[in-house]
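The values are calculated or read from the model by the stated rules, or taken from the named source; none is laboratory data. Predicted, not measured: the structure shown is a model, and the values here were computed from it. A quick note on method: Cβ atoms are made from the backbone with ideal geometry, for glycine too, and the neighbour counts reach across all protein chains shown.
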Amino acid sequence: MKSKRTPEGSIRYESLRTGARANGLRCVFDYAPGAEVPQPAPGSLDFFLVERYRLYSSAPDGLRRGAVFHEPYPLCCAELAAWDENLLPLDDFAPTGRPPDHVIMSRGVDVTIFLLERVGDA
């Protein structure tokens, strides 16, 4: 996985999946911040999709989980210049052949990450 930001503010995200199932599948997204949108209300679709206060990480001894703290994300529309659906078949989703229905992003916030703890058995 890698991403880079152009001097104009666009972002290019690329991911190459490895492993037997993934078979070298690659996904690429090019997008840029657009118009600001209001803070989503708790219970709304945008709130559900955006506001997360836990992170998960793979470690040699198993899955780890940690709490995070940050101010609510300042949201804006994302102007999508390129996307693909290459990874959908990995989870038995059929490609749609059309742009995503909903695209939103944040320019970012500072995040505090708390101690990660092991989840379940190793």
Considering only residues that are loosely packed, with under 10 Cβ neighbours inside 10 Å and small (Gly, Ala, Ser), look in the stretch 10-45 and name the one that is farthest from LEU87 (Cα to Cα).
ALA41
Here are the criteria: (1) modelled with pLDDT of 90 or more; (2) surrounded by fewer than 12 Cβ atoms within 10 Å (Cβ to Cβ); (3) within 22 Å of VAL111 (Cα to Cα). Tell me which single one PRO60 does not satisfy.
(3)
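Hey, among ALA81, ALA67, ALA59, which residue is closer than 18 Å to ASP30 by Cβ and touching a residue at least 12 places away in the same chain (Cβ under 8 Å)? Walk me through it before giving the result.
On the way: ALA67 fails: closer than 18 Å to ASP30 by Cβ; ALA59 fails: closer than 18 Å to ASP30 by Cβ.
Of the residues listed, the single one that is closer than 18 Å to ASP30 by Cβ and touching a residue at least 12 places away in the same chain (Cβ under 8 Å) is ALA81.
Would you check if LEU25 is on the phi < 0 side of the Ramachandran plot, in contact (Cβ under 8 Å) with a residue 60 or more places away in the chain and touching a Ser or Thr at 6+ places or on another chain (Cβ under 9 Å)?
On the way: on the phi < 0 side of the Ramachandran plot: yes; in contact (Cβ under 8 Å) with a residue 60 or more places away in the chain: yes; touching a Ser or Thr at 6+ places or on another chain (Cβ under 9 Å): yes.
Answer is yes for this residue.
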Filtering the stretch 99-122 down to residues that are of a type in the set (Gly, Ala, Ser) and touching a strand residue (DSSP E or B) at 6+ places or on another chain (Cβ under 8 Å), which residue is surrounded by the fewest Cβ atoms within 10 Å (Cβ to Cβ)?
GLY120
Can you tell me which of TYR56, TYR73 is within 14 Å of the chain's Cα centre (by Cα) and part of a loop (DSSP other than H, G, I, E, B)?
TYR73
Any residue in the stretch 90-112 that's aliphatic (A, V, I, L, M): show its pairings with residues that are surrounded by 11 or more Cβ atoms within 10 Å (Cβ to Cβ) and part of a loop (DSSP other than H, G, I, E, B) at Cβ separation under 6 Å, as long as the two are six or more apart or on different chains.
VAL109/HIS70; VAL109/TYR73; VAL111/HIS70
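Among the residues of the stretch 111-122, is there at least one that is in a loop (DSSP other than H, G, I, E, B) and under 16 Å from the mean Cα position of the chain (by Cα)? Don't jump to the end; show me each part of the working.
Residues of the stretch 111-122 that are in a loop (DSSP other than H, G, I, E, B), as a first pass: 111, 114-116, 119-122.
Then keep just the ones that are under 16 Å from the mean Cα position of the chain (by Cα); that gives 111.
Yes, there is a match, as at least one residue in the stretch 111-122 is in a loop (DSSP other than H, G, I, E, B) and under 16 Å from the mean Cα position of the chain (by Cα).
Scan the stretch 83-98 for residues that are surrounded by 11 or more Cβ atoms within 10 Å (Cβ to Cβ) and either under 26 Å from ARG5 (Cα atoms) or in contact with an Asp or Glu (Cβ under 9 Å, 6 or more places away or on another chain) (or both) and jot them down.
TRP83, ASP84, GLU85, ASN86, LEU87, LEU88, PRO95
Being in contact with a Phe, Trp or Tyr (Cβ under 6 Å, 6 or more places away or on another chain), at pLDDT below 95 and assigned to a loop (DSSP other than H, G, I, E, B) is the requirement here; does PRO40 meet it? Working first, answer last.
Values: in contact with a Phe, Trp or Tyr (Cβ under 6 Å, 6 or more places away or on another chain): yes; at pLDDT below 95: yes; assigned to a loop (DSSP other than H, G, I, E, B): yes.
Answer is yes for this residue.
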